[in-house]
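What follows is a set of notes on a single structure, which appears directly below.
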Amino acid sequence: FKMCPGRVICKLLSSGEKEVDLAVQSAKAAFKIWSQLSGMERSRVLLEAARIIREQRDEIATLETINNGKSIFEARVDIDISWQCLEYYAGLAGSLAGEHIQLPGGSFGYTRREPLGVCAGIGAWNYPFQTACWKCAPALACGNAMVFKPSPFTPLSVVRLAEIFTEAGVPKGLFNVVQGGAATGQLLCHHPDVAKISFTGSVPTGSKIMEMAAKGIKPVTLELGGKSPLIIFSDCSLENAVNGALMANFLTQGEVCCNGTRVFVERKILDTFTKEVVKRTQKIKIGDPLLEDTRMGALINQPHLNRVQGFIKQAKEQGAEVLCGGDLYVPDDPKLKNGYYMRPCVLGKCKDDMTCVKEEIFGPVMSILPFDTEEEVVERANNTKFGLAGGVFTRDIQKAHRVVAALKAGMCFINNYNVSPVELPFGGYKASGFGRENGRAAIEHYTQLKTVCVEMGDVESVF
């Protein structure tokens, strides 16, 4: 593999009505076989898929880097999280159970936890392989089939995942991939044999998917955007807080939905913190994402790079100060001259009503805002339509728990940021969506409860 920014890697055909229906019908047939297996039988297949991913980690990570533009260092972490996700749900597959309830006179009731059927997964372009695993691992563990549509900007690595499932021994068609943009997604959402939709992406698209699902009374999981607060108190470990701020803003070129892009810093340490963050940001190695020492690769495409640049221009017009970065970056390597690179940006003199503070930029842009009191910063942190994540850095553990309890966000971090253990549920409040991925919570979204009432005596009729 070689990095060739701005060049076509391959061409794929968009899946039309015929292809989507073929994928769904194939998955429906596979579901009949898969759903009848025991949890332990499904577990063994998922464990085999996890083993193959683990074994081919470097190869898949390289494909993902070319697919997306993120550094190979990060891509390997994504692939590790992916196989860990499959292992986690393989472990849960054999333990899925209902409950027995004793009723009067020796009668009883019980519940069965049953799969939904064919689930549709629609992924984002920032974590293509990992997002697919987050969606399909709990779905398959619960006995469902899945038809997955990756973003048209990152169509490649999910195809490899489908091949791996086939190698691992799933029934043919259990995990199918369709390619395309909005039109293909609409076909999936409207298909009468699709039982559930799980979407990761923007708020406007999530809203449209919810509308389409409503027509078929289909459950949805929506993991949407964010403009998350990162609160730095003066009693924090400064080095730890700076590390946290960098992790909260610059992973995957800042193209992360739960990034803590509103960095609230207690005024006492504002200058010291800002100076250190700027110094560290300027040292981030940008360039060929396949090189081991690269820490920031290229943004996803030209329109998105232009959009991020537009936010920075608007921020300056509204009075923010560019403390570092924000400009285009041209690597020395002539092979990379057409890449969509920019220097990570730190904005100072930010105010809560600025566009750069209110809207999701989805690029490597950090906004720093001073605060004076705990009460004030909590109110400002919550003053947003989003509610995906939030972070607190402080040595005062009582204050840390008090503040995260007050934050209106689904995923909160104390003295760290952007860690993704598959054991913990992930999802948002408010416009950031609903439903959860990962953890035991995802089991609820991929099963339905059937109640059975058993009478052990004679039926007493009131007629």
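Kindly indicate whether any position in segment 362-375 is polar (S, T, N, Q), open to solvent by less than 40 Å² (accessible area, probe 1.4 Å) and in contact with a Cys (Cβ under 8 Å, 6 or more places away or on another chain). Walk me through it before giving the result.
Keep residues of segment 362-375 that are polar (S, T, N, Q), which gives 367, 373.
The next check asks that each one be open to solvent by less than 40 Å² (accessible area, probe 1.4 Å); those that pass are 367.
Okay, now just the ones that are also in contact with a Cys (Cβ under 8 Å, 6 or more places away or on another chain), so 367.
The answer is yes; a qualifying residue exists.
Please determine, by comparing only the residues of segment 396-445 that are more than 22 Å from residue 237 (Cβ to Cβ) and of a type in the set (Asp, Glu), which one is least open to solvent (accessible area, probe 1.4 Å).
Residue satisfying both the conditions and the ranking: 437.
Go through segment 444-463 and report how many residues are assigned to a loop (DSSP other than H, G, I, E, B) and free of Cβ contacts under 8 Å to residues at least 12 places away in the same chain. Write out each step before concluding.
If we filter segment 444-463 for residues that are assigned to a loop (DSSP other than H, G, I, E, B), which is where we start, we get 446, 455-463.
Within this subset, residues satisfying the condition of being free of Cβ contacts under 8 Å to residues at least 12 places away in the same chain are 458-463.
Selection size over segment 444-463: 6.
Where in segment 98-165 are there strands (runs of 3 or more DSSP E), lying fully within it, with 3 or more residues that are buried (at least 23 other Cβ atoms within 10 Å of the Cβ)? Lay out the reasoning, then the answer.
Working: elements: 100-102, 108-115, 118-122, 145-149.
Here the list reads 118-122, 145-149.
Among (1) assigned to a helix (DSSP H, G or I); (2) of a type outside the set (S, T, N, Q); (3) more than 30 Å from residue 107 (Cβ to Cβ), which single condition is residue 421 missing?
With (1) assigned to a helix (DSSP H, G or I); (2) of a type outside the set (S, T, N, Q); (3) more than 30 Å from residue 107 (Cβ to Cβ) applied to residue 421, the lone miss is (1).
Go through the residues of segment 344-355 one by one and say whether even a single one is open to solvent by 70 Å² or more (accessible area, probe 1.4 Å) and under 27 Å from residue 77 (Cβ atoms). Spell out how you get there, then give the answer.
Initially, segment 344-355 is screened for residues open to solvent by 70 Å² or more (accessible area, probe 1.4 Å), giving 349, 351, 353.
With under 27 Å from residue 77 (Cβ atoms) added as a condition, the list becomes none.
So far as segment 344-355 goes, no, none of its residues is open to solvent by 70 Å² or more (accessible area, probe 1.4 Å) and under 27 Å from residue 77 (Cβ atoms).
Quick one: residue 313 ticks every box in (1) touching a strand residue (DSSP E or B) at 6+ places or on another chain (Cβ under 9 Å); (2) under 29 Å from residue 371 (Cα atoms); (3) of a type in the set (D, E, K, R) bar one, so which box is it?
(1)
If you take the residues of segment 446-463 that are open to solvent by 90 Å² or more (accessible area, probe 1.4 Å) and touching a helix residue (DSSP H, G or I) at 6+ places or on another chain (Cβ under 9 Å), which of them is nearest to residue 98 (Cα to Cα)?
455
Could you check segment 297-327 and list, in sequence order, the residues that are in contact with a Leu (Cβ under 9 Å, 6 or more places away or on another chain) and not small (Gly, Ala, Ser)? Step through it out loud before you land on a result.
Start the filter on segment 297-327 by keeping residues that are in contact with a Leu (Cβ under 9 Å, 6 or more places away or on another chain), which leaves 297-299, 305, 308-309, 312, 315-316, 320-323, 326.
Scanning segment 297-327 gives 299, 305, 308, 309, 312, 316, 321, 322, 323.
Consider residue 215 carefully, then state whether it is within 30 Å of residue 148 (Cα to Cα) and either modelled with pLDDT under 95 or open to solvent by 60 Å² or more (accessible area, probe 1.4 Å) (or both).
Details: within 30 Å of residue 148 (Cα to Cα): yes; either modelled with pLDDT under 95 or open to solvent by 60 Å² or more (accessible area, probe 1.4 Å) (or both): yes.
So residue 215 fits the description; yes.
Out of 43, 38, I need the residue that is among the hydroxyl-bearing types (Ser, Thr, Tyr) and under 26 Å from the mean Cα position of the chain (by Cα). Which one? Full working, then the answer.
Values: 38 fails: under 26 Å from the mean Cα position of the chain (by Cα).
One residue alone meets the criteria, 43.
Cβ contacts < 6 Å: first residue assigned by the TED database to the domain that holds residue 144, restricted to segment 189-210; second residue charged (D, E, K, R) and open to solvent by less than 20 Å² (accessible area, probe 1.4 Å), any location; separation 6+ or different chain. Result?
Once the first residue is assigned by the TED database to the domain that holds residue 144 and sits in segment 189-210, its partners that are charged (D, E, K, R) and open to solvent by less than 20 Å² (accessible area, probe 1.4 Å) give 198/135; 200/223.
Every residue, every condition in (1) open to solvent by less than 30 Å² (accessible area, probe 1.4 Å); (2) under 28 Å from residue 430 (Cα atoms); (3) under 26 Å from the mean Cα position of the chain (by Cα), yes or no:
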residue	(1), (2), (3)
219	no, yes, yes
229	yes, yes, yes
237	no, no, no
244	yes, yes, yes
264	yes, yes, yes
275	no, no, no
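Across segment 414-443, what is the total count of residues that are within 18 Å of the chain's Cα centre (by Cα) and free of Cβ contacts under 8 Å to residues at least 40 places away in the same chain?
Residues in segment 414-443 being within 18 Å of the chain's Cα centre (by Cα) and free of Cβ contacts under 8 Å to residues at least 40 places away in the same chain: 6 in total.
Out of 321, 359, 317, 292, I need the residue that is of a type in the set (Asp, Glu), in contact with a Gly (Cβ under 7 Å, 6 or more places away or on another chain) and open to solvent by 40 Å² or more (accessible area, probe 1.4 Å). Which one? Give the steps one after another, and end with the answer.
Details: 359 fails: in contact with a Gly (Cβ under 7 Å, 6 or more places away or on another chain); 317 fails: in contact with a Gly (Cβ under 7 Å, 6 or more places away or on another chain); 292 fails: in contact with a Gly (Cβ under 7 Å, 6 or more places away or on another chain).
The conditions single out 321.
Output the residues belonging to segment 83-95 that are buried (at least 17 other Cβ atoms within 10 Å of the Cβ) and out of contact with any Leu (no Cβ under 8 Å at 6 or more places or on another chain). So that I can check it myself, show each step before the final result.
From segment 83-95, those buried (at least 17 other Cβ atoms within 10 Å of the Cβ) are 83-90, 92-93; that's our starting set.
Correct list: 83, 84, 85, 88, 92.
The values are calculated or read from the model by the stated rules, or taken from the named source; none is laboratory data. These numbers were taken from a predicted model, which means no experiment stands behind them. Counting neighbours? That spans all protein chains shown, and the Cβs are built from the backbone with ideal geometry, glycine included. Calculation scope for accessible area: heavy atoms of the full protein, side chains included, ligands and nucleic acids excluded. Shrake-Rupley method; radii C 1.70, N 1.55, O 1.52, S 1.80 Å.
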